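Engineer: Here it is: the structure, laid out below.
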Amino acid sequence: MNEPSRAKILICDSEKSYAVHLTEYLYDCRVPYEIDVYSSPQKMLARADPHSAAVLVAAESSYTEQVHDAGFPQVLILNETDRYLGENPPNISKYQSMEAVSRMILELCSKEFEKSGIPQPAVVRNGPPMRIIGVYTPISRCLQTTVSLTIGEILAKEQHKTLYMNFEPFSGLTAMLGREFSGSMADLVYYNDCAREKIAGQLERMEECINGLFYLPPIAFFKDLQAIRKEQWTDLFRTIDRITDFEYLVLDLTESTDGLLDILRICDEVITLTRPGCITSEAKMQQYREILRTRGYEDVYAKSRRWQIPLIRELPLDPAMLTHGELAQRVHRMMAGI
């Protein structure tokens with residue numbers, strides 16, 4: 001049987017809108033699982049490995065005899081009639097609140113962890129979910145990393161516990177911060193994939209801090225960065241949300257990030273930087289906007305804040321001083337509402 005840390009939640013329901021709504025709700029809850037959705041039991045049985053499922057969530061009309069006989073370790077039936085009553089098999093009315101349905105799904109996931117003997121990551125989240133801020137621009141020389149760090153340091157200065165992650169293929173943070181790192185974000189991805197019960201301790205050991213802002217050592221070699229799949233990143237973000245008390249996660253994103261647009265889609269805020277009075281910059285923005293439109297990511301553009309960064313006469317040489325000066329004042333004004 002696959003390790004529970006790699007297991008998935010499977011949803012099978014011919015009512016597509018319901019399945020999509022439930023999936024979005026679970027992801028909003030930052031569940032530490034990938035979620036696969038199927039519109040029919042035939043498609044699910046043809047493509048899914050029953051033993052890879054932490055739990056199968058099946059609408060009553062989709063829970064056929066073939067599905068029953070497939071050997072899914074755990075099943076939650078979404079009742080559409082009164083056919084299933086009692087506790088065996090586990091079931092709940094499909095028309096209960098999403099909160100109630102999600103709670104039952106997570107309870108079954110917890111039982112799967114207990115059965116396997118592998119402890120779940122400790123849960124420390126007591127307040128609202130962590131907010132993710134994605135910073136990305138297709139335009140070069142827009143001070144993206146400097147602005148991203150400034151956002152993080154301003155949030156930290158305002159007493160918001162914040163984590164910064166850099167996705168540049170050549171970040172230069174080692175030289176910028178004058179520090180040598182013994183590991184990188186890739187190590188955290190590995191622990192999240194293969195030894196999730198150890199990830200809380202590993203995260204605590206890897207955290208660095210500057211001016212109150214926590215950050216993770218970036219990946220030094222661009223090939224290693226490009227090799228990490230978007231599902232691994234999004235799963236890591238959910239785990240960080242689940243096991244830490246960070247209020248904000250600032251992602252300094254680049255084209256070297258697999259699934260860049262999908263990662264921007266899960267961000268609560270997207271910040272896109274532009275340069276004033278530059279014909280090539282505006283042309284690149286138009287091309288970026290067209291890509292979002294034609295690839296079905298209009299929602300990313302709709303929630304993006306377009307920040308125009310003018311020429312800054314003087315930037316702090318010390319990264320710990322990014323909350324001071326002209327750039328900090330401009331960023332602080334533009335952050336209103338985050």
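Values quoted throughout were computed directly from the atomic coordinates according to the rules given, and no laboratory measurement underlies them. In this text, all values refer to a predicted model and were calculated from it rather than measured experimentally. As a convention, Cβ positions derive from the backbone with ideal geometry for all residues, glycine included, and neighbour counts pool all protein chains shown.
Engineer: On a 0 to 90 degree scale, rounded to 10, what angle separates helix 144-157 from the longest Cα axis of the chain?
Structural biologist: Compared with the principal axis, the helix lies near 80 degrees.
Engineer: Continuing with this model, one more query. On a straight-distance basis, which lysines could pair with residue 16 in a cross-link, Cα separation under 25 angstrom, same-chain partners fewer than 8 positions away excluded?
Structural biologist: Residue 16 reaches 8, 43, 94, 230, 303.
Engineer: Estimate the FRET efficiency between residue 279 and residue 313 by the formula 1/(1 + (r/R0)^6), using the beta-carbon distance for r and 30 Å for R0, to the nearest 0.05.
Structural biologist: 0.80
Engineer: Points 7 angstrom from Cα along the Cβ direction at residue 195 and residue 303: gap in nanometres?
Structural biologist: About 3.4 nm separates the two model spin labels.
Engineer: Pairs of Cα atoms under 8 Å, at least six residues apart: use those to get the relative contact order of the stretch 195-338, whole percent.
Structural biologist: Details: 96 pairs, mean separation 27.7, N = 144.
Relative contact order for the stretch 195-338 comes out at 19 percent.
Engineer: A follow-up question, please. Under 8 Å for C-alpha pairs, at least 6 residues apart: give me the relative contact order for the stretch 96-246, rounded to a whole percent.
Structural biologist: Once divided by the residue count of the stretch 96-246, the mean separation gives 33 percent.
Engineer: Is the chain rounded, prolate or oblate when judged by the Cα gyration tensor, a ≥ b ≥ c being the square roots of its eigenvalues, rounded requiring a/c under 1.5 and prolate requiring a/b larger than b/c?
Structural biologist: Taking the square roots of the gyration eigenvalues as a ≥ b ≥ c, the chain is prolate.
Engineer: Let me ask something additional. Sequence gap at least 6, Cα distance under 8 Å: using those rules, report the relative contact order of the chain to the nearest whole percent.
Structural biologist: Reported as a whole number, the value is 19 percent.
Engineer: Expressed as an acute angle from 0 to 90° and rounded to the nearest 10, what is the orientation of the C-alpha long axis of helix 185-194 relative to the principal long axis of the chain?
Structural biologist: For helix 185-194, the angle is close to 10 degrees.
Engineer: Using 1/(1 + (r/R0)^6) with R0 = 22 angstrom and r between the beta carbons of residue 68 and residue 110, what's the FRET efficiency to the nearest 0.05?
Structural biologist: The calculated FRET efficiency here is 0.40.
Engineer: Suppose R0 equals 22 Å. What FRET efficiency, 1/(1 + (r/R0)^6) with r the Cβ-Cβ distance, do residue 99 and residue 24 give to the nearest 0.05?
Structural biologist: It comes out at approximately 0.95.
Engineer: Now a separate question. Straight-line reach from residue 223: which lysines have Cα under 27 Å away, leaving out those fewer than 8 places along the same chain?
Structural biologist: 198, 284
Engineer: Right, another one. Tell me, in nm to one decimal, what length is gained between residue 14 and residue 255 on full extension, where the rule is 0.36 nm per residue of separation less the Cα-Cα distance?
Structural biologist: 83.2 nm
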